[in-house]
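J.: For reference, the structure I am asking about is given below.
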Amino acid sequence: MTPGSGSGPMKDCEYSQISTHSSSSPMESPHKKKKPAPKRKWEVFPGRNKFFCNGRIMMARQTGVFYLTLVLILVTSGLFFAFDCPYLSENITPAIPAIGGILFFFVMGTLLRTSFSDPGVLPRATPDEAADLERQIGNTEDIANGSSSGGYRPPPRTKEVIINGQTVKLKYCFTCKIFRPPRASHCSLCDNCVERFDHHCPWVGNCVGKRNYRFFYMFILSLSFLTVFIFAFVITHVILRSQQTGFLNALKDSPASVLEAVVCFFSVWSIVGLSGFHTYLISSNQTTNEDIKGSWSNKRGKENYNPYSYGNIFTNCCAALCGPLSPSLIDRRGFIQPDTPQLAGPSNGITMYGATQSQSNMCDQDQCIQSTKFVLQAAATPLLQSEPSITSEELPLPGKTTISGPCATLTLGQPTPPSSMPNLTSDSGLTDMIPLKEEHEGHQFLTPEEAPSPPGMLPSGSPIIHSHTMHVLSLASQDSLHEDSVRGLVKLSSV
């Protein structure tokens, strides 16, 4: 391209590469690796859980008993609606199948809500948080125990807090690396710390905790009503038929009623008993875990009492069933935020722009040399439109600033260097740094004493300036930066 070619061809050659080395090109348009689809947090969740519907459904890993629960409810209710309800609605009242349908849908809704929701899992500590907590615990134990001997085992890691005048211990979880809040416990099956942990229920396929306890209680309570309802009207159906055709003929006419009666008879006792037990727990504001351990039993002392009870049965029931529902703390559908952008290496051996500020601070000697070489070559191109161009009239003027740092790199994706990038405002710096052949025919390399020290920079005796300048000029001479190449650069920049 000639100086008289005008501005039109320059736009076409805006990103054309200028190099004195024919086998390599100094610059390339930024090239990024194709970003993979961002992962959600449930995909890397550390607990033993199953997730469905892109993380919307959360269950325990052992779900076999849960499917058995579904089959028993669906089969028993289906047989009741198919074989008993037609006869009962015709001979007694049509309200029987209507009430049965309402109970059935309420049972299924509360069961699925209990099984598919987050029970109140506490997030685990990050590595930095865990390391900081371990350091605090270690310092506390050293102060409390003095210099520990080789065979000394530290005591259990606990903290004590006072709740309504009662001392409550907070235990340290070695799996989640956190001090569990009051009433929380670690589930060994799900491998999670659960807030206000009640128990792990295999029948619903999930833990029962702070966020799904009310749905669990409504499930077992409504299932008790449904079981009693089906059992009572199945017996009524058999009795009415036996009065008309006899007992044996009644059984032959409706064999499904026999199966329903057997299933309901053996399950109603456990379901009703479980509902009564949890009614007691709700009225006293306790959990199954606390009741089994006897945490607030009077046997431990007269001064031992439940600090979470409001002292009134009605208030305790309202707090457990009608209080606000806590949000999930694990954000299982949130995206994982990468710490740093992942960049691809050069695909065809072409030098790329600098990637990040941290990489520019950590670049080694070779990267510094390559970056400085790139700045020298790119400064004369029309790509750097924000910088003053080098003209032939400015060549004789000395004393203008030149490159201030050999390790600076350009920011990825920007056609112009950042503000922290040193400016190349004059060819005097270029001609000082890269001598022509006629002026230096006696030797090929410049010595540190011959390298100029631009004003406003480090002192001339600085080893940093000498060492980096030495390497820059060595590469410049090795890459055959002769007089024609430099003059070509000057001509291009003057257009």
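J.: Please report the net charge: other residues with Cβ closer than 9 Å to the Cβ of PHE179, K and R +1, D and E -1.
T.: +4
J.: Please calculate how many Å² of accessible area the stretch 188-274 carries per residue, with a 1.4 Å probe and no DNA, RNA or ligand atoms counted.
T.: That works out to 45 Å² for each residue.
J.: If you don't mind, there's one more thing I want to ask. Using only the alpha-carbon atoms, what does the stretch 48-91 span along each of its principal axes? Please give whole angstrom values in decreasing order.
T.: If we take the Cα atoms of the stretch 48-91, the spans are 51, 20, 8 Å.
J.: Something else now. Cα atoms only, the stretch 232-317: Rg and Dmax in Å?
T.: 22.3, 67
J.: With a sphere of radius 11 Å drawn around the Cβ of SER77, what net charge do the other residues whose Cβ falls strictly inside it have (Lys, Arg +1; Asp, Glu -1)?
T.: -2
J.: What percentage of the solvent-accessible surface of the stretch 192-284, computed with a 1.4 Å probe over protein heavy atoms, is contributed by carbon and sulfur atoms?
T.: 75 percent
J.: With viscosity set to 1.306 mPa s and temperature to 10 °C, compute the Stokes-Einstein D of the stretch 230-276, Rh being the Kirkwood radius across alpha carbon pairs; µm²/s, no decimals.
T.: 141 µm²/s
J.: Still on this model: Expressed as cubic angstrom per residue, what is the convex hull volume of the alpha carbon set of the stretch 42-136?
T.: 116 Å³
J.: Then there is this: In the stretch 168-252, what chymotrypsin sites (Phe, Trp or Tyr not before Pro) fall in a loop by DSSP, with at most 12 other Cβ atoms inside 10 Å?
T.: PHE174
The values are calculated or read from the model by the stated rules, or taken from the named source; none is laboratory data. Every value quoted in this text rests on a predicted model; they were computed, and no experiment measured them. Glycine also receives a Cβ, built like all others from the backbone with ideal geometry; neighbour counts cover every protein chain displayed. Ligands, DNA and RNA are excluded from the accessible area calculation, which covers all protein heavy atoms including side chains. Shrake-Rupley method; radii C 1.70, N 1.55, O 1.52, S 1.80 Å.
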